[in-house]
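The values are calculated or read from the model by the stated rules, or taken from the named source; none is laboratory data. This structure is a prediction, so every number in the text was calculated from the model and none was measured. Cβ atoms come from the backbone with ideal geometry, glycine included; neighbour counts cover every protein chain shown. Calculation scope for accessible area: heavy atoms of the full protein, side chains included, ligands and nucleic acids excluded. Shrake-Rupley method; radii C 1.70, N 1.55, O 1.52, S 1.80 Å.
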Amino acid sequence: MLVEEVIAVLGRATHIDRSAFTPLIVAGQKLGCVNAVWRERLLGHESALFEEKGGSIACRIAGDAAQLTRELNAAAERWQAIGWLNGWRNERFTAFGADGTPLFELERAAFRPLGLTSRAVHLNGLTRLASGEVRMWIARRSPHKAVEPNRMDNLMGGGVAAGESLQQALLREGWEEAGMSAGSLTGLAPASLLLAERPVQRGVHREWLYAYDVWLADGERPANQDGEVAEHVLLPLHEVEDLLVAERFMIDAALVASDCLVRLGYWGGETARVDAALAAVRHPVDAAVHAL
């Protein structure tokens, strides 16, 4: 077992230097943070919408959710037009307040530059063989994906779109990425909640990861429907560990897979050490709107 190496990988995956970012205040709440590049852009080129206030950057829009959504998306379209945003998806995420109130919707490509917190559902696929051995289904992303092609992923992982419930996202992504039937996923409760937070080229990736476990029968195989997964492979847990140590996983998928291995007790007497390495990013499942 490679406990030391796994802990080192998790440490790199969860490290962020907060001093490198300026807090972003929207609707009177700290909702995000921006790096030096975006700080200059917001204060220098979008001064009609943003101002410096008490060491933070504050959004000037004082209207309701509809006005915030309208004006912030208009700004995002300007940023795309001048080449500041890439990965435009024509899909919106919802930004929530600390009490869980939806505050506005915004093109998902703008979430990372503003350091806003999104939500995603991830599915661990597990199978118990006739021998009693537990194995894990791992997806290899398509080589044609624009983001992290050929990296390893959980059975399924995807963002929760604006207006979508966690259950709706789980059913949609479960079918698209793995061909999972609604009957096999309906009623599943999250097994864990992780907060992924790290600097990325566009700004800050900050996302609540709702991790679910589903057990597939021996001989049952997932089947990708949307072309985003090149293959699914059923691996012994020690091979999943090898992929973690080799950093072949997408970072969020690595957190979710490691958390699942902890719950399975994979590391035996050493499991508590990996559990402690995840403690900083693991939260009670109902705490997602409070740790902003």
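A few remarks follow.
- Value of Rg to Rh for the stretch 168-256 (Rh from inverse mean 1/r over Cα pairs, i.e. Kirkwood): 0.97
- Percent carbon-and-sulfur accessible area, the chain, ignoring ligands, DNA and RNA, probe 1.4 Å: 51 percent
- Taking all protein chains together, ILE61, ILE251 sort by accessible area into ILE251, ILE61, largest first [probe 1.4 Å].
- Residue ranges 272-279, 228-235 sort as 228-235, 272-279 when ordered by packing (mean number of other C-beta atoms within 10 Å per residue, highest first).
- C-alpha long axis of helix 3-13 to longest principal axis of the chain, angle in °: 20 degrees
- Residue ranges 25-35, 74-84, 140-150, 89-99 sort as 25-35, 89-99, 74-84, 140-150 when ordered by packing (mean number of other C-beta atoms within 10 Å per residue, highest first).
- With Cα atoms, 0 to 90° folded angle of helix 65-81 axis to the chain main axis: 90 degrees
- Distance between the stretch 108-180 and the stretch 206-278 - C-alpha centres, whole angstrom: 11 Å
- Kirkwood hydrodynamic radius over Cα pairs of the chain, then Stokes diffusion coefficient at 25 °C and 0.890 mPa s, in µm²/s: 123 µm²/s
- Size-normalised alpha-carbon gyration radius of the stretch 53-132, reference 2.2 N^0.38 Å: 1.53
- The alpha carbons of the stretch 1-160 stretch over 65, 34, 33 Å along the principal axes, in descending order.
- Rg and Dmax over the alpha-carbon atoms of the stretch 140-192 stand at 12.2, 33 Å.
- Å² of accessible area per residue within the stretch 22-111, as computed with a 1.4 Å probe and no ligands counted: 48 Å²
- Rounded to the nearest 20, the Cβ-based charge dipole of the stretch 1-51 about its Cα centre (Lys and Arg +1, Asp and Glu -1) stands at 120 debye.
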